[in-house]
Each structure stands twice: as structure tokens, then as C-alpha cells.
Amino acid sequence: MNYDYSEEQTMILENFKNFCKKELEPRAQMLDKASKDEVNVLIKENIKKLASIGYLGMLHDEKYGGSSIDLISHVIASEQVAKACASTFLSAGASCGLFGMPLKLFGSDEQKKKYLVPIIKGDIIGAFGLTEPEAGSDAVSMKTTAVKKGNKWVLNGAKTFITNAPICDVALIFAYNDRDAGPGGGVTCFIVDSKTPGFVVGKPFDKMGFRGSPTAEIFLEDCEVPESAVLGEVGKGFIQAMKTLEYGRIGMATVCLGIASACLDYANAYSKERKVFGRFLNRFQEIGFKLADMLIMTDTSRLLIFQAAWAKEINKPDAQILASCAKLFASEHAVKCANMAVQVFGGYGYISEFPVERLYRDAKLGDIGEGTSEIQRVLIARDVLSKFA
Ligand SMILES: Cc1cc2nc3c(=O)[nH]c(=O)nc-3n(C[C@H](O)[C@H](O)[C@H](O)COP(=O)(O)OP(=O)(O)OC[C@H]3O[C@@H](n4cnc5c(N)ncnc54)[C@H](O)[C@@H]3O)c2cc1C
């Protein structure tokens with residue numbers, strides 16, 4: 001086993017570290033504090049910036065403007081994006097990942113040309129509409145329906161907590177076309193242009209964290225889409241959503257890793273500047289122990305994410321569970337790291353001028369998005385128990 005980065009991975013790390021430090025990090029506080037209208041402008045600019053270094057196409061085929069890089073190298077780049085600006089990572093990820101990955105896996109050549117090419121260039125923004133007001137963890141109880149009328153599908157329902165809804169040009173909408181199809185069946189995924197009549201976006205949510213990534217509800221009111229809007233096969237939407245979330249969980253784990261890693265850097269630097277009782281903070285064992293714990297949590301998260309990415313890359317049967325393990329560990333430990341970083345900063349950590357305050361608020365989403373910690377434990381426990389059956 002070799003833990004060294006390849007030459008190419010080292011280059012990716014350095015390129016993204018420099019780029020994100022220069023282009024994204026200085027805007028992260030501004031994005032967090034911006035009004036909702038300003039956020040919509042700034043986040044699109046940031047996504048465009050990421051397109052300019054090829055980030056949005058890293059996992060996509062060359063044919064559509066991507067670079068088909070391996071998942072571990074993508075995680076290496078993503079950590080730097082998330083570390084510099086977690087909101088930018090979330091919105092970019094929702095567009096090229098949550099929207100783009102199902103297109104890559106299940107889309108037709110025509111759909112990929114129409115949507116993936118501009119997504120990779122950052123010219124249009126995508127969103128992923130699965131969650132509903134009464135169906136989050138329990139996605140199968142979604143209520144949105146798709147009814148075939150002639151050569152059109154008519155969508156009705158509501159989606160909530162949708163990242164990028166206020167700025168999206170196109171969204172994936174999951175809807176029941178056949179409620180009696182049995183477990184895992186009867187759901188179809190539709191690619192819906194946001195300008196389609198009956199596609200209505202609600203007011204952006206006022207969130208605790210990730211304030212630079214806009215989130216809103218999407219209402220589908222007799223929203224008519226053509227047959228060509230069906231992604232892959234009719235009735236396969238639920239399986240497509242679950243396959244996408246395997247990548248999504250690695251993504252959410254990585255944003256948490258970026259947050260934890262930023263917390264460690266800020267706390268470390270501050271401990272070398274701040275003097276109390278005539279000594280720098282880092283001379284106190286209590287502070288050193290916090291930094292040591294943060295380093296272990298960050299490194300362990302990274303290793304679990306690499307393991308999950310590697311398993312997914314080679315299609316190992318336990319890839320899904322490894323993604324859940326990585327997501328669960330990285331998210332819960334990002335919250336712990338952020339808490340420690342605020343503690344190292346003392347009173348200043350509680351003031352919004354200092355980035356650890358933002359990171360503390362951002363960290364909490366990791367426990368909730370892409371399947372809560374409880375749901376990850378349910379999945380992992382089911383897997384562990386099955387091995388001793
Ligand atoms: C900022 C943000 C961005 C998001 N972006 C998107 C997006 O782009 N697209 C999208 O489709 N969704 C998105 N989501 C939705 C997110 O995935 C859901 O919020 C999440 O899956 C939880 O669903 P819920 O909020 O309905 O909570 P619920 O399912 O109502 O859960 C409430 C609580 O009950 C617990 N619980 C539920 N079931 C069980 C069980 N079986 N055993 C034990 N405990 C259980 C949960 O863990 C949680 O603690 C986003 C959410 C947020 C906050």
C-alpha cells in the first residue's frame with residue numbers, strides 16, 4: 001500500500017491550493033455576509049471561476065468538455081475548494097455533481113450535449129430535486145407526480161431545500177409515475193428547464209450556514225415537459241437518485257474535511273499570534289492537545305474519504321457503505337473541529353469577522369445533508385448486522 005500522492009495528484013493539489021487561496025478564500029466572508037440578491041451574483045461568478053480551471057468537468061468525459069479524472073484526485077481538488085469556500089463547493093457540487101453525475105451515468109448523448117457541456121463551462125447551473133416537505137430521509141414517500149398526457153409528462157408537487165434553486169437553469173425532478181410499482185420502482189427522473197411554465201421557485205431560505213449557497217423550494221404546478229426530458233428509463237428514478245447519492249456522500253464528506261482542515265489552519269495560526277499570560281497560546285498544552293485532536297480528526301476523515309473514493313472508482317460492492325462511513329465520520333468530526341477552533345479563538349471566535357465563526361455554522365450541515373447521521377448509522381448498522389447473520 002502506498003499513501004503517497006502521484007505526480008499528477010501533487011500537481012492538482014498545488015494548483016487548486018494556489019487557485020482557491022487566491023480566487024475563492026478572499027471572497028468567502030463577503031459571500032457569507034452578502035444579501036440574497038448579491039449571493040446569486042457572487043456564487044455564479046465563483047462557479048465560473050471553478051470552470052476556468054476545469055474543476056466542473058473533472059469527473060466528466062472529454063467528449064463533453066471534461067477530463068475524466070479519478071475520484072481520489074477529484075477529492076484532493078475538492079478539499080481545497082471546500083477549505084477556501086464551503087458555499088462555493090456546495091453550489092458547484094450541486095451543479096456538476098448532483099445534477100451532472102446522473103446525466104453522466106444515465107443520460108443520452110443528446111442530453112449530455114445539451115446540458116453537460118454548458119454545466120462544465122459554468123454557463124448554466126443545475127440543481128437536484130429529490131427532497132420534499134414530507135419526504136427527506138424517507139424519500140420513497142415523496143408526493144410529486146408525473147402523469148403522461150399524449151407525448152408530454154405533467155408534473156405536480158413540491159421539492160424543498162434545493163441547493164441552487166434560486167439560480168438554476170435546469171433541475172432534476174424526481175416524481176412518481178406509478179405508485180403501485182413496488183419497492184424502489186415507479187419513480188422517474190425528469191430534466192426540467194427552470195423557464196418551463198409551472199416551474200416556480202420559492203423565496204430563498206434564510207440558513208444558519210452555507211449562506212453563500214442559495215437554497216429554496218421548487219413548486220411544480222401542471223409543469224409540462226416533453227418525453228425527451230426523461231432521464232434514462234421511466235421508473236428507474238429512485239435507483240438513479242440512490243446511485244447519485246453515493247457520490248454525493250463522498251462530496252459531503254469532502255466539504256466537511258475542507259471545513260475541518262480550514263479550522264485547523266486558522267486555529268494553528270492564531271495560537272502562534274495570540275499572547276495570554278505573557279505566552280503565545282501554542283505554549284499551553286491544552287491548546288496543543290486541541291490542535292493534535294483536530295489533526296487526527298482531519299487526517300482520519302481524509303483517509304476514510306480516499307478509501308470510499310477508491311472503492312467507488314473500482315466498483316467494490318461495499319462502496320456505498322464506505323461512503324456512508326466517510327460521510328458520517330467527516331461530518332461529525334468537522335463539527336468537533338469547528339467547535340475546537342472557536343474555542344482556541346476565545347471571544348474572537350464568536351465574532352463574525354473571524355472565519356471560524358462561519359466555519360462553525362457551516363459545519364453543521366454535514367450532519368444533515370445527503371442523508372442525516374442517523375440514516376448513515378441505520379445503513380452501516382444494517383450492513384454490519386448482515387455480516388453476522
Ligand atoms: C442547506 C441544505 C441543502 C440541501 N440541498 C438539497 C438538494 O440540493 N437536493 C435535495 O433533494 N435535498 C437537499 N437537502 C435536503 C436534505 O438532504 C434533507 O434535509 C435530509 O435528507 C433530511 O431530511 P429532512 O430534513 O426531511 O429530515 P427528516 O427526514 O424529517 O428527519 C428528522 C430527524 O429524524 C431523523 N430520522 C429520520 N428517519 C430516521 C430513522 N429511520 N431512524 C432514526 N432517525 C431518523 C433524522 O436523522 C433527523 O434527525 C438539503 C438540505 C439542506 C439543509
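Values in this text are rule-based calculations from the coordinates and carry no lab data. In this text the structure is predicted, and so the values were computed from the model without any measurement. Cβ coordinates were reconstructed from backbone atoms using ideal geometry, including for glycine residues, and neighbour counts include every protein chain displayed.
Tabulated data for the structure shown
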item	result
³J(HN,Hα), Karplus 6.51/-1.76/1.60, whole Hz, each residue of the stretch 375-385, x for Gly, Pro	5, 4, 5, 4, 5, 5, 4, 4, 5, 4, 5
Given 16 as the ceiling on other Cβ atoms within 10 Å, longest exposed-site-free region of the chain for GluC sites (Glu not before Pro) in DSSP loops	1-133
On Cα atoms only, tilt of 36-52 relative to the major axis of the chain in degrees	90
Rounded to whole Hz, the Karplus (6.51, -1.76, 1.60) HN-Hα couplings of the stretch 270-283, x for glycine and proline	5, 5, 8, 9, 8, 9, 9, 6, x, 10, 5, 3, 5, 7
Alpha-carbon gyration tensor eigenvalues x 5, square-rooted, for the stretch 239-365, Å	33, 14, 8
Proximal aspartates and glutamates relative to Lys195, as straight alpha-carbon distance under 14 Å, when same-chain residues fewer than 8 apart are discounted	Asp169, Glu221, Asp222, Glu224
Helix-only CD estimate at 222 nm, as mean residue ellipticity for the chain, using -39500 (n - 2.57) per DSSP H run (n ≥ 4)	-16500 deg cm²/dmol
Only Lys, Arg (+1) and Asp, Glu (-1) charged, at Cβ; the stretch 7-125 dipole about Cα centre in debye	340
Interchain or long-range residues, amide H under 5 Å from Thr144's placed H	Ala158, Tyr176
In Hz, Karplus ³J(HN,Hα) per residue of the stretch 237-250 (6.51, -1.76, 1.60; θ = phi - 60°; x = Gly, Pro)	x, 5, 5, 4, 5, 5, 4, 5, 5, 4, 6, x, 5, 5
Sequence-separation-based contact order of the chain, relative, with Cα cut under 8 Å and 6+ spacing, percent	15
Net +/- balance of residues flanking Ser52 in space, Cβ distance below 15 Å, scoring K and R +1, D and E -1	+3
Filter on Lys336/Lys387; Lys143/Lys387; Lys17/Lys336 - keep pairs with C-alpha separation over 28 Å	Lys336/Lys387; Lys143/Lys387
Total charge dipole magnitude, the chain, about the Cα centre, Cβ charges on Lys, Arg, Asp, Glu only, Debye to nearest 20	620
Alpha-carbon gyration tensor eigenvalues x 5, square-rooted, for the chain, Å	36, 22, 20
Between the stretch 364-389 and the stretch 226-276, the alpha-carbon center distance in angstrom	16
About the Cα centre, charge dipole magnitude for the stretch 239-387 (Lys/Arg +1, Asp/Glu -1 at Cβ), debye	200
Cα centroid separation, the stretch 124-172 to the stretch 347-362 (Å)	34
Entries of Lys104/Lys236; Lys121/Lys236; Lys121/Lys159; Lys83/Lys364; Lys36/Lys63 with Cα pairs more than 25 Å apart	Lys121/Lys236; Lys121/Lys159; Lys36/Lys63
Local net charge near Asn156, Cβ-Cβ under 10 Å (Lys/Arg +1, Asp/Glu -1)	-1
Of Gly278, Gly198, Pro226, farthest towards positive along the dipole that unit charges on Lys, Arg, Asp, Glu beta carbons give the chain	Gly278
Positive-pole candidate from Asn156, Leu71, Asn15, dipole of the chain, charges at beta carbon	Asn15
Environment charge at Glu38 (Cβ cut-off 12 Å; Lys +1, Arg +1, Asp -1, Glu -1)	+2
Distant-in-sequence amide H partners of Ser67 (H built 1.01 Å from N, under 5 Å)	Met58, Leu59, His60
